[in-house]
């Protein structure tokens, strides 16, 4: 129980190992994500998993026989990225009824593979929103213990939802009497489910406020939990010191979630002006997966996504992108959330170019995946930017992402907690 308590959001930031040697990264530039300014040229000094300095010159006193110097010509250094909506246990090639064949142990193995791919794509922190059997906690703990490579995982465990809703399993007849482990109905029942998830060590709570694209038998825009249930759930989560994310496509579900006090709304497809104003008033973050529609409609049928889900995506995709544009123009707080697992893990960064295409500047897209995400998790003092005293989560990309955001899809170097996790140059 003591070890489980240690694996809270605040503690899992620390690396399982310490690194006494000094690491120096030298590149053409480093990005200050707060201001959008480039430090040129750039030298970052790292010691004991922490950034010691970010400057234009290499401090001579830092160089000794235990110093490792990595020079990256033609590259820009950025903070390690956040993806605030992933499903590490999800396999993009396994959908529909085939998913019913996947056991929790098998999904955990899949998650270990996907964790490595995600890290090597430059995402050093992820928020895993929904996993059966608390498999995402097992992955989180294995990464912390150094057993497998992967990003820093903020895990939700099973998502909470109503009977027959998006977070329930609806592919069975009444004779089977199958109910998903996150199902809870009524204000006290949802409080109990939150307490149960917290008991087993989650870092964040996710619930389903509306129907969804990938569930069978749900209307994608229809509200599911009542406002009273949402308010009880959010109150319980915040009383326990955690954050809460609401899956919500439909307008009423979005607005009820915001009024109930959620920290972020996921997907946010059918957005109206009142919902935007509510988000601005309450400071609610939006996490909008605007790349997934291309994979679902382009590759989904081959991957086994049922026609029901394909048709729902046809209804949602373009509307969600219009909603994204409106939210960006209005100044709603945004984080980067890809829904990785619906499409292949490791391709997370493909969403950056769509965020720019549909209204963001390059800097805004990068801020969504760095300092904004860290702030949503209340970790802006330790993560999200390249600053002295912060954890050394650093990536390198070829070129300048402020000129061409697609370079984010070609990460060359990944450092997490001061340790080089991936150096693409070594494989060339």
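The values are calculated or read from the model by the stated rules, or taken from the named source; none is laboratory data. None of these values were measured; they are calculated from a predicted model. Note that each Cβ is placed from the backbone with ideal geometry, even for glycine, and that neighbours are counted across all protein chains shown.
Yes/no per residue for (1) more than 23 Å from the chain's Cα centre (by Cα); (2) without any contact (Cβ under 8 Å) to a residue 60 or more places away in the chain:
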| residue | (1), (2) |
| --- | --- |
| 248 | no, yes |
| 253 | no, yes |
| 272 | yes, yes |
| 277 | yes, yes |
| 290 | no, no |
| 301 | yes, yes |
Q) In segment 351-385, which residues are more than 15 Å from the chain's Cα centre (by Cα) and under 12 Å from residue 80 (Cβ atoms)? A) 382, 385
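Quickly run through segment 350-374 and pick out the residues that are part of a loop (DSSP other than H, G, I, E, B) and touching a residue at least 12 places away in the same chain (Cβ under 8 Å). Give the steps one after another, and end with the answer.
Filtering segment 350-374 for residues part of a loop (DSSP other than H, G, I, E, B) gives 358-361, 369-370.
Answer for segment 350-374, where residues must be part of a loop (DSSP other than H, G, I, E, B) and touching a residue at least 12 places away in the same chain (Cβ under 8 Å): 358, 359, 360, 369, 370.
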(Q) If I filter segment 121-137 down to residues being buried (at least 18 other Cβ atoms within 10 Å of the Cβ) and over 14 Å from the mean Cα position of the chain (by Cα), which single residue comes out as modelled with the lowest pLDDT? (A) 132
(Q) Name the single residue that is surrounded by the most Cβ atoms within 10 Å (Cβ to Cβ) among those in segment 213-225 being under 24 Å from the mean Cα position of the chain (by Cα) and within 13 Å of residue 254 (Cα to Cα). (A) 225
Q: Identify the residue in segment 375-419 that is outside any loop (DSSP other than H, G, I, E, B) and out of contact with any strand residue (DSSP E or B) (no Cβ under 7 Å at 6 or more places or on another chain) and, among all such residues, is farthest from residue 68 (Cα to Cα).
A: 375
(Q) Tell me the residue from 236, 228 that is farther than 23 Å from residue 324 by Cβ and surrounded by fewer than 21 Cβ atoms within 10 Å (Cβ to Cβ), please. (A) 228
Q: Would you tally the residues in segment 33-80 being within 27 Å of the chain's Cα centre (by Cα), touching a residue at least 40 places away in the same chain (Cβ under 8 Å), surrounded by fewer than 17 Cβ atoms within 10 Å (Cβ to Cβ) and not in a strand (DSSP E or B)?
A: 3
